[in-house]
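Student: Can you read through this structure? Questions will come right after.
The values are calculated or read from the model by the stated rules, or taken from the named source; none is laboratory data. This structure is a prediction, so every number in the text was calculated from the model and none was measured. Backbone-built Cβ (ideal geometry, glycine too); neighbour counts: all protein chains shown. These accessible areas exclude ligands, DNA and RNA; they are computed on the full protein's heavy atoms, side chains included. Shrake-Rupley method; radii C 1.70, N 1.55, O 1.52, S 1.80 Å.
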Amino acid sequence: MTGDGGATRAAEPPPRHSWPPAGTVHDRRFDVLFEPVRLGPVQTKNRFVQVPHCNGMGYRDPTAQAQMRRIKAEGGWSVICTEQVEIHPTSDITPFIELRLWDDGDIPALARIAEAIHDGGALAAIELAHNGMNAPNLTSREAPLGPHHLPVTTWANDPVQARMMSKSDIAELRGWHRAAVRRAIRAGYDVVYVYAGHTLSVLHHFLSPRFNHRSDEYGGSSENRSRLLAEILADTREECEGRAAVVCRLTVADDREGGIGRGDTEDAVARLDHLTDAWDFVLGTWESDSTTSRFSAENEREPLIAGLKALSAKPVIGVGRFTSPDTMVAQVRSGVLDLIGAARPSIADPFLPWKIEHGLVDDIRECIGCNICVSGDMTMSPIRCTQNPSMGEEWRRGWHPERIRPKTSDASVLVVGAGPAGLEAASSLGRRGYRVVLAEAGRTLGGRVAREAMLPSLATWRRVVDHRLFRISGYPHVEVYRESEIEPDDVLGADVTDVVVATGATWRADGVGRWHAAPVPIDPGAVVLTPDDLFGPAVDHLGRERRIVVFDDDHYYLGGVVAELLAGRGHRVRLVTPAPLASAWTAHTLEIDAIQRRLLLAGVDVAPSRAVVAVGAGAVRTCCVFTGREQTEEADAVVLVTARLPVDGLVAGLEARRSEWSGHGIRSVRCIGDAWAPGTIAAAVWAGRRYAEEFDEQPSDAEPFRREYTALAPYSRVP
């Protein structure tokens with residue numbers, strides 16, 4: 001790597017406001033969470049482990065990842081792990097961007113991450129993975145490897161099969177893994193994870209009767225199927241002896257037909273316990289292990305993990321989207337876990353352990369379980385988080401989850417709109433020390449988040465609002481005014497120097513979205529609703545047992561949630577979508593299968609690959625997106641979940657009176673969040689943070705964030 005981009009090369013994060021607040025008191029109830037735990041040759045400083053998690057940066061952005069991991073170490077996590085690290089070209093999971101340790105050339109990037117973790121005060125862990133049948137090898141063009149001749153188990157159902165590994169292939173795999181362990185230790189890692197979980201590892205594939213159809217000593221019985229894992233663990237232990245701990249990440253439950261059962265796991269733990277320094281138990285697929293809050297509560301997987309610790313003399317790590325320290329303590333006291341593992345909670349609040357230790361539990365930025373973080377990996381883009389807008393921006397923009405540079409002037413800001421963007425802007429500006437006036441037209445603060453949190457299974461999302469209101473309540477220089485509709489005259493008469501408009505967006509009622517760029521014909525007598533109507537009394541006026549068509553041309557979560565809401569109220573619901581599945585974009589948040597299942601079980605009739613082309617009184621006309629063939633179906637009401645329009649009238653009114661600004665002491669008017677361009681809640685929160693970070697800065701033509709450039713290889717012309 002040659003470093004960051006030229007325009008921002010010399011830029012360093014600005015001085016940061018002091019943190020934490022003074023006068024915090026340690027709560028002795030949580031002392032058990034801060035006891036050290038021995039992992040073979042190393043010892044943790046507490047029981048908090050940031051388990052392996054992907055981040056969409058991988059080998060492309062190692063310095064950005066290094067800084068992200070370092071800040072978590074600063075936040076008190078005792079062990080910080082990488083994502084899965086490919087150990088060989090036959091383990092190439094392109095298009096996904098993970099770390100690689102194919103050869104010595106990959107060591108510098110891995111060493112930078114380990115060094116950053118150490119700099120933050122934590123043990124550095126690395127998860128070595130040969131992805132086996134999950135590796136389509138699109139870059140390397142090598143044949144995928146697996147226990148038997150079967151199609152690959154990739155996200156895209158790539159049209160290729162894995163080759164059944166021979167004895168010599170198995171010997172080579174062991175050699176590749178040994179070499180990767182040696183390189184990991186050279187790179188400075190203290191803990192080496194052996195990955196046998198999530199159906200993403202060749203070791204899982206060998207363990208699973210679903211994939212392992214062999215008749216030799218590596219197939220058949222549970223003992224034979226675990227033979228390769230035993231050999232890899234023994235090899236890893238030999239290479240690590242006295243220098244690094246060995247952790248086995250093992251599947252405990254696989255809900256696929258013919259998958260790994262509880263008996264297989266118990267047998268493996270009992271037989272292989274002497275080869276590992278700790279166990280990290282996971283579920284059989286990533287989707288089931290990282291379910292969203294719509295489909296599982298905190299610690300819902302405990303029954304699947306309980307009892308395994310009794311089979312082992314080694315510490316046990318586990319996750320459960322833990323955000324409550326009381327739940328964490330209960331895990332340790334009841335003997336379920338020794339170490340509290342976390343991926344998503346460590347993303348939402350990198351300082352979660354620090355806050356528990358220093359009596360700042362109320363300030364924990366709790367994970368809402370929306371999985372927008374996962375979408376970074378699935379879309380090969382830097383990780384993001386709804387709750388923590390600094391996630392992924394630690395090195396790129398110099399943002400920190402808890403510290404922000406102090407104010408540089410006596411400017412004051414009017415924030416119009418208390419939705420996710422406005423709340424984050426007010427909170428972060430308040431933390432910088434600016435005087436802020438936050439005005440909300442309604443009585444309830446939180447905007448779309450407060451409304452959507454009332455929908456089925458989305459109550460956890462309320463944490464986005466609660467966290468920011470908690471912080472704002474601690475700033476006497478931030479004033480909040482409810483039921484305050486702001487007009488241009490109000491702005492020009494306000495005693496502020498700057499204005500930020502975060503008034504959100506409204507759903508369109510004309511059918512315009514991705515499929516239709518122009519309004520669809522709508523009969524004046526038709527009952528047409530949008531999601532905005534469902535938050536008010538209109539949903540009650542529908543009565544019961546009505547025939548309702550939901551047109552989902554948004555493709556994220558809301559179309560499916562709306563259909564679920566209406567079905568739960570006794571209506572006959574038909575969800576029409578141009579996509580092949582309902583809420584199709586949620587494939588990136590690992591919940592698309594769960595959404596289809598819930599809708600079908602709720603009695604929702606899902607009509608994929610169709611679009612609503614006209615709405616009549618008591619009927620709608622839809623068409624096949626492939627053939628254009630139309631059909632008419634009865635409908636008492638239609639709910640359009642299509643596109644949104646920014647509520648930007650205030651900005652337009654102020655722009656029309658720009659000549660008056662200076663006379664009223666107004667320096668700037670900015671529009672952010674959905675009022676600027678409708679997007680996700682995460683995007684709105686991020687926009688609020690960006691406004692606060694860049695406030696009072698001089699405009700610059702420099703790139704807005706650092707980039708890392710790859711060094712060019714020597715060039716030679718091919719004959």
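Student: Those residues that are open to solvent by less than 10 Å² (accessible area, probe 1.4 Å), assigned to a helix (DSSP H, G or I) and not aliphatic (A, V, I, L, M), I need them from region 178-206; list them, please.
Tutor: Answer for region 178-206, where residues must be open to solvent by less than 10 Å² (accessible area, probe 1.4 Å), assigned to a helix (DSSP H, G or I) and not aliphatic (A, V, I, L, M): 204, 205, 206.
Student: Select from region 702-719 the residues that are within 18 Å of residue 67 (Cα to Cα), open to solvent by less than 90 Å² (accessible area, probe 1.4 Å) and assigned to a loop (DSSP other than H, G, I, E, B) and list them in ascending order.
Tutor: Correct list: 704, 705, 706, 709.
Student: Residue by residue through region 26-76, note down the ones that are closer than 21 Å to residue 336 by Cβ, outside any loop (DSSP other than H, G, I, E, B) and among the aliphatic types (A, V, I, L, M).
Tutor: 32, 33, 39, 49
Student: On the given criteria, is residue 554 of a type outside the set (A, V, I, L, M, F, W, C) and either touching a helix residue (DSSP H, G or I) at 6+ places or on another chain (Cβ under 9 Å) or under 24 Å from residue 618 (Cβ atoms) (or both)? Even if it seems obvious, please write down each step before you answer.
Tutor: Numbers: of a type outside the set (A, V, I, L, M, F, W, C): yes; either touching a helix residue (DSSP H, G or I) at 6+ places or on another chain (Cβ under 9 Å) or under 24 Å from residue 618 (Cβ atoms) (or both): yes.
Judged against the criteria, residue 554 is a match.
Student: Suppose the filter is over 19 Å from residue 197 (Cα atoms), within 25 Å of the chain's Cα centre (by Cα) and surrounded by fewer than 24 Cβ atoms within 10 Å (Cβ to Cβ); does residue 169 pass it? Can you show your working first?
Tutor: Details: over 19 Å from residue 197 (Cα atoms): yes; within 25 Å of the chain's Cα centre (by Cα): no; surrounded by fewer than 24 Cβ atoms within 10 Å (Cβ to Cβ): yes.
It is false that residue 169 is over 19 Å from residue 197 (Cα atoms), within 25 Å of the chain's Cα centre (by Cα) and surrounded by fewer than 24 Cβ atoms within 10 Å (Cβ to Cβ).
Student: When you look at residue 36, is it open to solvent by 10 Å² or more (accessible area, probe 1.4 Å), under 19 Å from the mean Cα position of the chain (by Cα) and on the phi < 0 side of the Ramachandran plot, yes or no? Walk me through how you get there before you give the answer.
Tutor: Details: open to solvent by 10 Å² or more (accessible area, probe 1.4 Å): yes; under 19 Å from the mean Cα position of the chain (by Cα): no; on the phi < 0 side of the Ramachandran plot: yes.
No; evaluated as a whole, the condition is false for this residue.
Student: Please enumerate the residues belonging to region 343-370 that are under 10 Å from the mean Cα position of the chain (by Cα), open to solvent by 10 Å² or more (accessible area, probe 1.4 Å) and of a type outside the set (A, V, I, L, M, F, W, C).
Tutor: Passing the criteria: only 344.
Student: Looking at region 83-97, can you tell me whether even one residue there is in a helix (DSSP H, G or I) and within 24 Å of residue 40 (Cα to Cα)? Break it down into steps so the answer makes sense when it comes.
Tutor: Taking region 83-97 first, the residues in a helix (DSSP H, G or I) are 89-91.
Subset that is within 24 Å of residue 40 (Cα to Cα): none.
No, there is no match, as no residue in region 83-97 is in a helix (DSSP H, G or I) and within 24 Å of residue 40 (Cα to Cα).
Student: Also, quick follow-up: Would you mention how many residues in region 303-313 are open to solvent by 30 Å² or more (accessible area, probe 1.4 Å) and part of a loop (DSSP other than H, G, I, E, B)?
Tutor: Of the residues in that region, 3 qualify.
Student: For residues that are more than 24 Å from the chain's Cα centre (by Cα) and open to solvent by 30 Å² or more (accessible area, probe 1.4 Å), scanning just region 141-157, find the one that is nearest to residue 225 (Cα to Cα). Before you say what the answer is, go through the steps one by one.
Tutor: First pass over region 141-157, keeping only residues more than 24 Å from the chain's Cα centre (by Cα): 141-152.
From what is left, the residues that are open to solvent by 30 Å² or more (accessible area, probe 1.4 Å) are 141-143, 148-151.
On the way: 141: 28, 142: 25, 143: 22, 148: 12, 149: 16, 150: 17, 151: 19 Å.
Among them, the one singled out is 148.
Student: Are any residues in region 99-129 within 30 Å of residue 143 (Cβ to Cβ) and buried (at least 24 other Cβ atoms within 10 Å of the Cβ), and if so, which ones? Steps first, please.
Tutor: Of region 99-129, the ones within 30 Å of residue 143 (Cβ to Cβ) are 99-110, 126-129.
Listed by number, the residues that qualify are 99, 101, 110, 126, 127, 128, 129.
Student: Anything in region 687-701 that is part of a loop (DSSP other than H, G, I, E, B) and surrounded by 13 or more Cβ atoms within 10 Å (Cβ to Cβ)? List them, or say none. Lay out the reasoning, then the answer.
Tutor: Step one: of region 687-701, the residues part of a loop (DSSP other than H, G, I, E, B) are 695-701.
If the condition is that a residue be part of a loop (DSSP other than H, G, I, E, B) and surrounded by 13 or more Cβ atoms within 10 Å (Cβ to Cβ), then 695, 696 are the ones that fit.
Student: Kindly evaluate residue 231 against the criterion of being acidic (Asp, Glu), under 16 Å from residue 268 (Cβ atoms) and open to solvent by 20 Å² or more (accessible area, probe 1.4 Å). Outline the logic, then answer.
Tutor: Numbers: acidic (Asp, Glu): yes; under 16 Å from residue 268 (Cβ atoms): yes; open to solvent by 20 Å² or more (accessible area, probe 1.4 Å): yes.
Considered against the rule, which asks whether it is acidic (Asp, Glu), under 16 Å from residue 268 (Cβ atoms) and open to solvent by 20 Å² or more (accessible area, probe 1.4 Å), residue 231 comes out as yes.
Student: Would you be able to say whether some residue in region 2-9 is modelled with pLDDT under 50 and assigned to a strand (DSSP E or B)? Before the answer, list the steps.
Tutor: Our first condition is that a residue be modelled with pLDDT under 50; within region 2-9, this holds for 2-9.
Next cut, assigned to a strand (DSSP E or B) only: 4.
Within region 2-9, one or more residues are modelled with pLDDT under 50 and assigned to a strand (DSSP E or B).
Student: Still on this model: So in region 130-140, with the set limited to residues that are assigned to a loop (DSSP other than H, G, I, E, B) and among the hydrophobic types (A, V, I, L, M, F, W, C), which one is most open to solvent (accessible area, probe 1.4 Å)?
Tutor: Pass one, region 130-140, residues assigned to a loop (DSSP other than H, G, I, E, B): 130-131, 135-140.
Applying the additional criterion that residues be among the hydrophobic types (A, V, I, L, M, F, W, C) yields 135, 138.
Details: 135: 0, 138: 89 Å².
Here the residue is 138.
A quick yes/no check of all residues on (1) within 20 Å of residue 677 (Cβ to Cβ); (2) of a type outside the set (Val, Ile, Thr):
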position: 448; (1), (2): yes, yes
position: 451; (1), (2): yes, yes
position: 460; (1), (2): no, no
position: 474; (1), (2): no, yes
position: 488; (1), (2): no, yes
position: 493; (1), (2): no, yes
position: 512; (1), (2): yes, no
position: 529; (1), (2): no, yes
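Student: While we're looking at this one, here's another question. Testing residue 316 on (1) open to solvent by 10 Å² or more (accessible area, probe 1.4 Å); (2) β-branched (Val, Ile, Thr); (3) free of Cβ contacts under 8 Å to residues at least 40 places away in the same chain, one condition comes back false. Which one is that?
Tutor: Looking at each condition in turn, residue 316 falls short on (1).
Student: In region 78-98, what residues are open to solvent by less than 10 Å² (accessible area, probe 1.4 Å), under 22 Å from the mean Cα position of the chain (by Cα) and closer than 27 Å to residue 134 by Cβ?
Tutor: Passing the criteria: 79, 80, 81, 82, 83, 85, 86, 93, 98.
Student: Then there's this: Across region 256-302, what is the number of residues that are of a type in the set (A, V, I, L, M), assigned to a loop (DSSP other than H, G, I, E, B) and open to solvent by 20 Å² or more (accessible area, probe 1.4 Å)?
Tutor: Residues of region 256-302 that are of a type in the set (A, V, I, L, M), as a first pass: 260, 268-270, 272, 275, 278, 282-283, 297.
This time we only want the ones that are assigned to a loop (DSSP other than H, G, I, E, B), so: 260, 297.
Subset that is open to solvent by 20 Å² or more (accessible area, probe 1.4 Å): 297.
Final tally of qualifying residues: 1.
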